[in-house]
Amino acid sequence: MIGYVTIGVSDMARAKAFYSDLLADLDARVLMDLDRIAFFGQSMGKPMLAVCTPYDKQPNHPGNGNMVAINPGSKELVDKLYHKAIELGATCDGEPGQRIPDRFYGAYIRDLDGNKVAFFHFG
């Protein structure tokens, strides 16, 4: 149902480097780069994450209550992506852990521009 989600960034080169490194373990890569917007994913037919500088040329602002959630497929990969994001300069917004007993495991970071990203696994 979701084709792609877009988050605003202040520095495209920095954002592309961050997400290229972070998402490489999920076999995701830049699929399309149009200067002010770049799409990351496994294929154009699957959901993608896009990073862009705002079209109106105003500063980007992380939305309060907005979040991109990525399901890497296991609790171990949640932990791996969380720690990798922190190593790449992200800040912690919730360490990895079981949030709902036997149902939801998650970790939360803020990327280099303050956008909130969750890594999660159900079960």
Residues that are loosely packed, with under 14 Cβ neighbours inside 10 Å and aliphatic (A, V, I, L, M), drawn from the stretch 18-56: ALA24, MET32, LEU34, MET44
Of the residues in the stretch 1-35, how many are aromatic (Phe, Trp, Tyr) and free of Cβ contacts under 8 Å to residues at least 12 places away in the same chain? 0
Kindly indicate the residue of the stretch 68-82 that is surrounded by 14 or more Cβ atoms within 10 Å (Cβ to Cβ) and of a type outside the set (A, V, I, L, M, F, W, C) and also nearest to TYR105 (Cα to Cα) among those meeting that condition. LYS75
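Each reported figure results from applying straightforward, stated rules to the coordinates on display, with no laboratory input. Source: prediction; values computed, not measured. We place every Cβ from the backbone using ideal geometry, glycine too, and count neighbours over all the protein chains shown.
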